[in-house]
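Every read-out reported here was derived from the displayed coordinates using simple, explicitly stated rules and does not represent laboratory data. The model shown is predicted, which means the values in this text are computed figures rather than measured ones. Ideal geometry is used to build each Cβ from the backbone, glycine not excepted, and the neighbour counts take in all protein chains shown.
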Amino acid sequence: MRNAIIVPFNEDEKLIITSDNSGSVGEKDQDDVIVPYDVVSYYSFRVAVMECMASGGIPISVVIHNFCGDEVWRSLEKGVEKGLSELELDQVEVTGSTESNFSLNQSAVGVVVMGRGTDTEKEIRFEELQTAVIGSPLVGSEVIAQNQQVAPLSIFNSVLELEDLYVWPVGSKGIRYELSKMNSRWASLDVHIESDVDLAKSAGPATCFIVSYPPELDSCIRDLTGILYHPLIVRT
């Protein structure tokens, strides 16, 4: 994914801004996926916050853009608060705005996460690392029906706390696309990537993420992620 905007604001720190949008998912009659609004905002938040944290940010603020009506604001807020609680970030401020002049026929929500980080970029030698997918690619109603296959934010956070690894959330373009963005060498037609999950399928609201890590962390990663662990085998 890596749709983060990174803005240096002093010698040592940077501002990291990420976002996600959701359309036709909610409680309106013409929505394609009918779910409560706290679920809508929770999953939009997880996309933006995972991208922010994977880019090295510590979330400091969340902005909700609500096009579903004044009466659902508290439900949207609760979904974001649930995600923050799973990440043990209860002190993060939540704000936003509601379109109250006009009523839309379908639901629409946007979430922006702003984080503070330091400049820690370094060269990644992927050939020396093992790579896996945590969680499964799911989209639409699958996210609710198969939620036991969604990588929890708590596990994502625990993996991020380990050293010397590289984490990359998967979005709507699928695992194979994200692998090519992680490492341009993996975009070659001569590279064959194998896994027991569908590498081309959309992962919707970042229901899974990729992690590349040194071999000595293998048992730790597997213990943390359990049945959500899916190895990726790269053959050249």
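Here the chain is treated as a Stokes sphere of Kirkwood radius computed over C-alpha pairs; at 20 °C and 1.002 mPa s its diffusion coefficient rounds to 117 µm²/s. A simple charge model with +1 on the Cβ of Lys and Arg, -1 on the Cβ of Asp and Glu and nothing else charged puts the dipole of region 126-235 at about 480 debye relative to its Cα centre. Say we join alpha carbon atoms closer than 10 Å with springs in a Gaussian network model of the chain; which of Ala145, Ala203, Ala48 then has the biggest fluctuation? Most flexible of the set in this elastic network: Ala145. From least to most packed, judged by other beta carbons within 10 angstrom and beginning with the fewest, Glu77, Glu13 follow the order Glu13, Glu77.
Screening the chain for whole DSSP H helices with an alpha carbon extent of at least 18 angstrom along the helix axis and a mean Kyte-Doolittle hydropathy of at least -1.0 yields 37-54. Overall, the chain carries a charge dipole of about 540 debye about its Cα centre when +1 sits on the Cβ of Lys and Arg and -1 on the Cβ of Asp and Glu, all other atoms neutral.
Loop-located GluC sites (Glu not before Pro) across region 141-176 with a Cβ neighbour count of 13 or fewer within 10 Å are Glu161, Glu163, with loop assigned by DSSP. In the chain, helical runs assigned H by DSSP with n ≥ 4 each contribute -39500 (n - 2.57); averaged across all residues and rounded to the nearest 500, the mean residue ellipticity at 222 nm is -7500 deg cm²/dmol.
Taking trypsin sites (Lys or Arg not before Pro) as exposed when DSSP calls them loop and at most 12 other C-beta atoms lie within 10 angstrom, the chain has its longest site-free stretch at 1-121. Name the aspartates and glutamates eligible as straight-distance cross-link partners of Lys78: C-alpha to C-alpha under 20 Å, and not fewer than 8 places from it in the same chain. Lys78 reaches Asp20, Glu27, Asp38, Asp70, Glu86, Glu88, Asp90, Glu93, Glu99.
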